[in-house]
Amino acid sequence: MRKAAVFLIAVAVLGLIGCKSQHPASVKVEPDFNPGEFATILVVPTMSTITKGDDPKRESERIPNRIVWEFVSERYDYRFLSAEQFRMAVAAAGLGDRIDEFKNKWSRDHVVDMDLCKAIKSELNVDLMLVPVVYLWHKDEVDYREAGAASVTQVGMTLSLIDPDNGVVVWEATDENYKESVRSEGDRIQASTGGIDRRVSGRSISGGDIYAAPPFDDVTVLVLEALVGAIPERSGSPSL
C-alpha cells in the first residue's frame, strides 16, 4: 500500500513538471545552420502588429527596442549592431522610404525585402539580421471585488535570425508570458478597527476601484530574456 502511494505521488509530481510552461514556447532552426559561421548580428528595430488604436504611443515598439538591446549586449559570443545602425545604413543607401514597406512585408507575409537586405549587407557587412516582432500586447483591468479576478498584462513576441544574403530564416523563436496585478492603482484611504484594515474610500484614475495590471516592461523582460537566451551560442569559434 505504501509503495503504491509513493508511486502515485511520483507520477503526480512528474505530471506537474510536464505541465509547466516552456519558454520559449517554440524554436525553429534550419538544419544547416551553424552558429560558428556567423559573427556579426544587426538588430532590426522592433516591428509591432498592434494597431495604433490599441497602442497610440507605440510602446509595443519602444519598450522592446530598449529591452532587446539590453539583453543582446550581455552576450559576448556575437558582435551585435544596434537598431540605430540599421536606420543609418538604410538612410546611407537611400532606402529610408522603404522601411515601412520592409516592416509590412515581413509582418504580413514573413518575407524580407531583398533590396534592403543587400543594401544593409553592403553598408555594414553583417552576417545575420535579428528581427523582433510583437504580436501580443494587452492589459486586462478588472474590478478587484470580483471573486478570483486579477488584472493581467500579456506580451507575445517572435525573434527571427535572417541571412541577408538570401533572406532565409535560419533560426526563429516565439514566446508569450504574463503577469497578474501585484500593486494597486490610485489613492486609497484605509481605517483600522480592532486590528482589521478596511477600505473607507478610494477610486482609481480610470474611475473604477481596481488593481492595476503590471507594467509592460516587466512582462517584456520575461519574454525577451527567454528569447535572447535561446539564440544558439557561437561556441568553438574564434573570439570576436
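Taking the listed residues Ser73, Ser60, Ser48, Ser21, the one that is surrounded by fewer than 13 Cβ atoms within 10 Å (Cβ to Cβ), among the polar types (S, T, N, Q) and modelled with pLDDT of 95 or more is Ser73, with no other qualifying.
Within the stretch 124-136, work out how many residues are surrounded by 17 or more Cβ atoms within 10 Å (Cβ to Cβ) and either on the phi > 0 side of the Ramachandran plot or in a helix (DSSP H, G or I) (or both). Qualifying residue count, the stretch 124-136: 1.
In the stretch 137-147 there is no residue matching the filter, namely being open to solvent by less than 20 Å² (accessible area, probe 1.4 Å) and either modelled with pLDDT of 90 or more or not in a strand (DSSP E or B) (or both). In this structure, Arg79 does not satisfy being more than 19 Å from Val126 (Cα to Cα), at pLDDT 90 or above, out of contact with any Gly (no Cβ under 8 Å at 6 or more places or on another chain) and open to solvent by 50 Å² or more (accessible area, probe 1.4 Å). Within the option set Ala150, Ala173, being at pLDDT below 95 and of a type in the set (Gly, Ala, Ser) holds for one residue only, Ala150. Tallying residues that are of a type outside the set (A, V, I, L, M, F, W, C) and part of a helix (DSSP H, G or I) within the stretch 19-68 yields 10. Here Arg87 does not fit the description of being closer than 19 Å to Pro45 by Cβ, free of Cβ contacts under 8 Å to residues at least 12 places away in the same chain and open to solvent by 70 Å² or more (accessible area, probe 1.4 Å).
The values are calculated or read from the model by the stated rules, or taken from the named source; none is laboratory data. Note that this is a predicted model, so its numbers are computed, not measured. For neighbour counting, all protein chains shown are included, and Cβ atoms are generated from backbone atoms with ideal geometry for every residue, glycine included. Note: areas computed on protein heavy atoms with side chains; ligands, DNA, RNA excluded. Shrake-Rupley method; radii C 1.70, N 1.55, O 1.52, S 1.80 Å.
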